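Notes follow once the structure below has been shown.
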Amino acid sequence: MASFTSLRGIVEEKLNEVVNSQKTLTELDVLKLIEAAEKSVSGFSRKTNRAKRLLVEKMIHSLGGKVGTKLETERLANEEKNEGLCPHFARPFRENQVDLSYQARLDNSGEHSKRRKFSEKNKLNSNNFTKNLFIEYPKKKFEDFGGIELIQDTLRELIEWPLRQPELYLRLGVEPPKGVLIHGPSGCGKTLLAQVLAGEYGVPLVRVSAPEIIGGLSGESEERLRLLFEESKQLAPCILFIDEVDAISSKRESASKDMERRIVAQFLSCMDTLSLAEFSISPVIILGATSRPDTLDPSLRRAGRFDRELELGAPNERGREEILRSLCRNLSVDSQIDYSYISRRTAGYVGADLASLITAAATAAVSRFQKESSLTDDSSMTDSFVPIPESKLESILIKPEDFEVALGKTQPSALREGFTTVPDTSWNDIGSLENIREELEMSVLEPIHHPERFEALGLNRPAGVLLYGPPGCGKTLLAKAIARESGANFISIKGPELLNKYVGESERAVRRVFQRGRASAPCIIFFDELDALAPRRGGFSSLDSESFGGSSGASERVVNQLLTELDGVEARSQVFVIAATNRPDMIDPAMLRPGRLDKLLFVPLPDKYGRKAILETLTRKMPLADDVSLESIAFHAQTEGFSGADLSALVREAATESLRSTVIEETFLQVKVEHFEKALKKIRPSVSSHDSKMYFQMQGSFSQCS
């Protein structure tokens, strides 16, 4: 394999010998460089003449030099020699005579010139496409990519060995991996991974965006694809990185134009041209990046093309900590920064979000430095362009309080991918329900925080939890608290929002939810109002038809898709499902069997001690008068049958009565006993005694079933 480091040294040495200030090399200099590279760079002589020249020219441009004509080089040299004299007196006139090209001599030939100009205008300008290719030699290494240790063995198998030892595969007679499809949400590091791989393995990176390949004329896109692959073979060994590959490889059966089908067919043909014998001499690894892998043509994802798929999901807490340490490695940060604390606060953040968070923290540090300087100095630093002394610059650091400011301003991009920010609700915000809390901790928190203990017992599949009970008892609040305590990614789904009037769209939405969950594991998926999404099959449902008689089976297909995702062929490792409903009797019985939602937890109406704990939690930040006794309110006969939502309404109504009874100018506000007495006259329990008995009977039937 050619050593590009030694080639760089040869070009640097030649550029240092050049006298002119613009570092312009002549054609003769380029030929000498090629000859020197053939002698000292291993494997360089096996390349074609065009590939040798292209490599040398790219290296010259990367070092700040350029290749010019002989006349241009002589003019630059004479201008420096004459020290500002007029070039017309410094050189004979005959040296300025330039031989006109064929096109210039034909300008006076009438119709023939017009026909030639027309043909040149409509000719495919493919040469410009290859000249404008973005070929880089990245300097990034593995330490610049946080969390790469988890996939380093896979990268070595898919990319390093085929690039560095292709003869091993030729000896065994097997096809090496040629293409890797990298997919994941936006900002997870797909482009950075390609740069890191090229920099770590010391090979050039040919980076092209898929929309750049599409041309305006018929056949231009296909020719650009062929030229792209030919150019990559000339640069081999190299990595060809195609960003947003779904733009040129969408499914052919759903394509609206013949051009799209031709581009996909040409792409498949170009990938098939990388034969085993050719790959052993000129290894080219193709990396395709997309955030929508489902839209790719199925034939592109078979063996021999994109052999393997690498999924970069939202990082977990440990991954976020490693990314933060990698991003802050070369920054001026305070040594007291707790990266583990920041990683816990940034659930759902991807690499780009963490980089944005650090930028916001740096901006907060600059703002803090400006405020401190304006207080200590007489004149503001922004009034003039006076440079800041080095002694002051050394004192500016990104501190923990700057990250606190940045956390309030930065929004994770996972919100646009369907995730939900982890709620601020904690266990301290929930009164009573201690027994349900213990069950949830054992079912969800322990498998996330200590998975090795469950694996030691052979418990690999996470349990699903169904919270059922009267409305307003805190089922959604419990799910929010468990998401906050776990620190895992959180996806909140309201049952009806997945339903779609078009056939197949509801099932696709269910699949997409679980795909996002598996990509960002550990992840908690919370289905609120599950009875709207998974009703009993076999009976009439208003979801199934527009009229009062026909049935299209839409809800049954959604239930089938949910059952498949919960307990199907694909493993649901580290994806925890929590569901909440007021009507468990309306849910399909197959959803409640062991292996799916097997943990059924009844959330009852609070008793008098539970009501007291809830009132203490609700009035924690409320100024209460000395005569207010929360115990007497909780034990009062009128609050019998109150749910948590009813008690919250009671406290809010008492605070409103306090505002009504005080003057606007008065600043000291308190909630007194008479305010609670007035509120009790207005608030009634939302769950009737008949409904309460029905829920307790339901609890007995479901406990027998489970």
Quiz item: When we measure straight from the Cα of LYS371, which aspartates and glutamates land under 20 angstrom away, once same-chain ones fewer than 8 places off are left out?
Solution: ASP334, ASP383, GLU390, GLU394, GLU401, ASP402, GLU404
Quiz item: Taking R0 as 56 Å, what's the FRET efficiency between ILE214 and GLU394 from their Cβ-Cβ distance, rounded to 0.05?
Solution: 0.60
Quiz item: Taking a probe of 1.4 angstrom, what is the accessible area of ARG308 in Å², to the nearest 10?
Solution: 90 Å²
Practice problem: Take LEU533, LEU397 and sort them by solvent-accessible surface of the protein heavy atoms, 1.4 Å probe, largest at the top. | Solution: LEU397, LEU533
Quiz item: From the cross-link list LYS621/LYS672; LYS52/LYS178; LYS32/LYS139; LYS39/LYS140, which pairs have alpha carbons spaced over 18 Å apart?
Solution: LYS52/LYS178; LYS32/LYS139; LYS39/LYS140
Quiz item: Given the protein chains as shown and a 1.4 Å probe, how many square angstrom of GLU311 are accessible, to the nearest 10?
Solution: 100 Å²
Self-check item: Inter-site label distance for ARG318 and ASP338 at 7 Å from Cα along Cβ, in nm
Solution: 2.1 nm
Quiz item: Applying the Karplus parametrisation 6.51 cos²θ - 1.76 cosθ + 1.60 with θ = phi - 60° to the phi angles of the stretch 674-690, what ³J(HN,Hα) value in whole Hz is obtained for each residue in order, glycine and proline being reported as x?
Solution: 4, 5, 5, 5, 5, 5, 5, 6, 9, 8, 10, x, 7, 10, 6, 5, 5
Quiz item: Which order do LEU227, LEU205 take when ranked by solvent-accessible area (1.4 Å probe, heavy atoms of all protein chains), largest first?
Solution: LEU227, LEU205
Quiz item: Using 7 Å Cα-to-Cβ label points, what is the ARG652/GLU27 separation (nm, one decimal)?
Solution: 8.3 nm
Quiz item: At a probe size of 1.4 Å, how large is the accessible area of CYS188, to the nearest 10 Å²?
Solution: 20 Å²
Practice problem: State, to one decimal in nm, how far the label point of VAL503 lies from the label point of ALA352, with both points 7 Å from Cα in the Cβ direction. | Solution: 3.7 nm
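With a 1.4 Å probe and all protein chains left in place, how much accessible area per residue does the stretch 270-376 have, in Å²? Provide the component values of the computation, followed by the final result.
Working: 4810 Å² over 107 residues.
With all protein chains present, the stretch 270-376 gives 45 Å² per residue.
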Quiz item: If you plug each phi of the stretch 331-344 into the Karplus form 6.51 cos²θ - 1.76 cosθ + 1.60 with θ = phi - 60°, what whole-Hz ³J(HN,Hα) values come out, in order, with x for Gly and Pro?
Solution: 9, 8, 10, 6, 6, 8, 5, 9, 5, 5, 5, 5, 5, 5
Quiz item: Given a 1.4 Å probe, how much area per residue of the stretch 581-706 is accessible, in Å²?
Solution: 57 Å²
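Sort TRP161, TRP427 by accessible area with a 1.4 Å probe, largest first. Numbers along the way, then the final one.
Working: TRP161 110, TRP427 20 Å².
My answer, sorted largest first, is TRP161, TRP427.
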Quiz item: From a point 7 Å beyond the Cα of HIS449 in the direction of its Cβ, which residues of the stretch 323-348 have a backbone N at a distance under 18 Å?
Solution: 340-347
Practice problem: Would you tally the net charge around GLU200, using a Cβ to Cβ cut-off of less than 12 Å, leaving GLU200 out, and scoring K and R as +1, D and E as -1? | Solution: +2
Self-check item: Fully extended contour minus Cα-Cα distance, from LEU459 to ARG660, at 0.36 nm per residue
Solution: 66.6 nm
Quiz item: Which of the pairs LYS66/LYS257; LYS494/LYS599; LYS58/LYS251; LYS494/LYS681; LYS475/LYS501 have their Cα atoms more than 32 Å apart in this structure?
Solution: LYS66/LYS257; LYS58/LYS251; LYS494/LYS681
Quiz item: Once amide H atoms are placed 1.01 Å from N in the peptide plane, what residues at a sequence separation of 5 or more from LEU624, or on another chain, have their amide H within under 5 Å of its amide H?
Solution: VAL671
Quiz item: Full extension from GLN697 to LEU168: what is 0.36 nm times the residue separation minus their Cα-Cα distance, to one decimal in nm?
Solution: 183.5 nm
Quiz item: In a shell of Cβ-Cβ distance under 12 Å around GLN697, excluding GLN697 itself, what net charge do Lys and Arg (+1) and Asp and Glu (-1) give?
Solution: -1
Quiz item: If r is the Cβ-Cβ distance from ASP424 to GLU223 and R0 is 60 Å, what FRET efficiency results, to the nearest 0.05?
Solution: 0.60
Self-check item: Theoretical FRET efficiency, 1/(1+(r/R0)^6), r = Cβ-Cβ of VAL673 and GLU438, R0 35 Å, to 0.05
Solution: 0.50
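Would you mind calculating the gained length between SER254 and GLU631 on full extension (0.36 nm times residue separation, minus the Cα-Cα distance), in nm to one decimal? Present the calculation step by step, with values, prior to reporting the outcome.
Working: separation 377, 0.36 × 377 = 135.72 nm, distance 6.62 nm.
Taking SER254 through GLU631 to full extension adds about 129.1 nm, to one decimal.
The values are calculated or read from the model by the stated rules, or taken from the named source; none is laboratory data. What you see is a predicted model, and the numbers here were worked out from it, not measured in a lab. Glycine gets a Cβ as well: all are built from the backbone with ideal geometry, and neighbour counts include every protein chain shown. Accessible surface is based on the protein model in full, side chains and every heavy atom, while ligands, DNA and RNA are left aside. Shrake-Rupley method; radii C 1.70, N 1.55, O 1.52, S 1.80 Å.
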